[in-house]
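Each remark here refers to the structure printed beneath this line.
FYI, it's all coordinate maths here, none of it is from the lab. This is a predicted model, so every value here is computed, not measured. Please note: Cβ atoms are built from the backbone with ideal geometry, for glycine as well, and neighbour counts cover all protein chains shown.
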Amino acid sequence: MLAKRIIPCLDIKNGRTVKGVNFVDLRDAGDPVELAEIYSAEGADELVFLDISATEERRKTLVNMVRRVAEKINIPFTVGGGISSVEDVEILLNNGADKVSINSSAVKNPQLINDLAQKFGSQCVVVAIDAKQINGQWIVHLVGGKVPTELNLFDWAVEVAERGAGEILFTSMDNDGTKNGFADEALAKLSELVNIPIIASGGAGNIQHFVDSFKVGKADAALAASVFHFKEIEIKALKEELRKNDIEVRL
Amino acid sequence: MKIVIINYGAGNIQSIMFAIERLGFKAVLSNNPQEIQTADKVIFPGVGEASSAMKKLTESGLDSLIPNLKQPVLGICLGMQLMCKSSEEGNTKGLGIFDVDVIKFTPTVKVPQMGWNQIYNLKSDIFKDIPENEFMYLVHSFYAPNCDEAIATTNYELEYASALQKDNFYGTQFHPEKSGAVGEKILENFLKLNSNT
């Protein structure tokens, strides 16, 4: 059976790993390649690197990091952050990234999803969607959740799937950093609406939250950062517990 | 040993290069017919869309070269699919090495299949010392149905062929270069096959 995936996310700034609580205060949690190797050895199914640097050399630094990771790691990884063109994607894939994740650039230019899917295949196009509830409506937000758009989460998800996205990474801004669990209800609705894999993100605090994201939220994969970076949850123990709950995992 | 990765502009070649280096071998990238013909092992990668990848192969004349290779050849992912008779993706005529037509998963399951799934019914030298039911990394929307040339099967929607072999030609739907230590072992088994098959 296809296994549910556990994905540690590494936020990268100037080639170093950081993790924001609610995307604001940043703490340093180490060297990305070293962390990637540790997670891979512990049984992570994939890795996501999210680049939040804003320097002029950011692309060069990121490409270097991607290459170093690809040299060392034998599991798939996704790179996101500031990707806005076919050329950006090409250079990352050519240096060993398996998938790219686009967010704001997809909202600003939805055609980019079609272009990437056509040129590189849907399998490497992850569309990341950050959303939070405003007056009971799930509204898509940009710039790490700071800027609301006109888009409804579910309408946008259907559109990105139709345009050729291979996967959706849904982060609930309401849950992110709270450690109170994933947005399971919205996840389940997404999973019913679109026929591509959904990665749950935002809110992981304990093992039960992961169980719920798969059982209640019907997610295909669950992503988290700080609970892994600060060793609050060990991946192997997490997967053993998932298996005890009849959730298929790679152990 | 000379390992050539066929470079025809379709696929994540860097990951395969790095995986081969981790195993202590070295590979060269080439689309030069003589280079490919004189290799001990040939790897035929591929990701993306079938008809445009096939077009690139045809343009470079590799479509007639590959089926005539005598050394062990390993097609990975789309590479494997292009070695089949045809693909439903873009109504593509394949290289016809494997006697099977590639078709699409139905919407009864999520498409693409993305992630780690088990391989079983293993029967080939490339699975030497690999236990049944190991998890491999797969990303695909189209698949080769189970057939006589299947050397591994996987269950997603139905039991399908996740690896194929005919004589010196091998194909894996999964990515051995991205499937952890077990995947690397399969790649190593392939690289250590007798070159004069």
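Structure data summary
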| quantity | calculated |
| --- | --- |
| Residue-count net charge about residue B:167 - beta-carbon cut-off 11 Å; Lys, Arg +1, Asp, Glu -1 | +1 |
| Given charges at beta-carbon only (K, R positive; D, E negative), |dipole| of region A:5-244 in Debye | 220 debye |
| Cα gyration tensor, region A:5-244 - rounded (a/c under 1.5), prolate or oblate | rounded |
| Spread of Cα-to-Cα distances over 10 Å intervals beginning at zero, given as percent, for the protein assembly as shown | 4, 22, 33, 25, 12, 3, 0 |
| Cα convex hull of chain B - mean projected area over all directions, nm² | 9.5 nm² |
| Rounded Å value of the spacing that divides the Cα centres of region A:145-219 and region B:141-170 | 33 Å |
| In order through region A:188-202: 3J(HN,Hα) via Karplus (6.51 cos²θ - 1.76 cosθ + 1.60), integer Hz, x for Gly, Pro | 4, 5, 4, 4, 7, 6, 10, 9, 10, x, 10, 9, 7, 8, x |
| Over region B:131-181: Rg over Rh, Cα atoms, Kirkwood Rh | 0.94 |
| Region B:18-63: C-alpha gyration tensor shape, a/c 1.5 cut-off, then a/b vs b/c | oblate |
| Charged-residue dipole, Cβ positions (Lys, Arg, Asp, Glu), region B:3-191 about Cα centre, Debye nearest 20 | 300 debye |
| Amide H partners (placed H, <5 Å) of residue A:171, local residues excluded | A:129, A:130, A:131 |
| Percent of beta bridges antiparallel (DSSP, the protein assembly as shown, rounded to nearest 5) | 45 percent |
| Sum of -39500 (n - 2.57) over DSSP H runs of 4+, divided by residues of chain B (222 nm, nearest 500) | -6000 deg cm²/dmol |
| Cα-based shape type of region B:84-175, given that a ≥ b ≥ c are square roots of the gyration tensor eigenvalues and the cut on a/c is 1.5 | oblate |
| Exposure proxy order (Cβ contacts within 10 Å, fewest to most) of B:139, B:102 | B:139, B:102 |
| All lysines inside 24 Å of residue A:132 as judged from Cα atoms, apart from same-chain residues fewer than 8 positions distant | A:19, A:108, A:146, A:179, A:189, A:215, A:218 |
| Highest-first arrangement of B:140-148, B:61-69, where packing means the average Cβ count within 10 Å | B:140-148, B:61-69 |
| Summed side-chain charge close to residue B:39 - residues other than residue B:39 whose Cβ falls under 13 Å, Lys, Arg +1, Asp, Glu -1 | +2 |
| Radius 12 Å from Cβ of residue B:186, net charge of other residues (Lys, Arg +1; Asp, Glu -1) | -2 |
| Fraction of beta bridges assigned by DSSP in chain B that are antiparallel (%, nearest 5) | 60 percent |
| Within 10 Å of each Cβ in B:172-185, the average number of Cβ atoms from other chains | 3 |
| Of the chymotrypsin sites (Phe, Trp or Tyr not before Pro) in region A:156-251, those whose Cβ has at most 12 other Cβ within 10 Å and which sit in DSSP loop | A:230 |
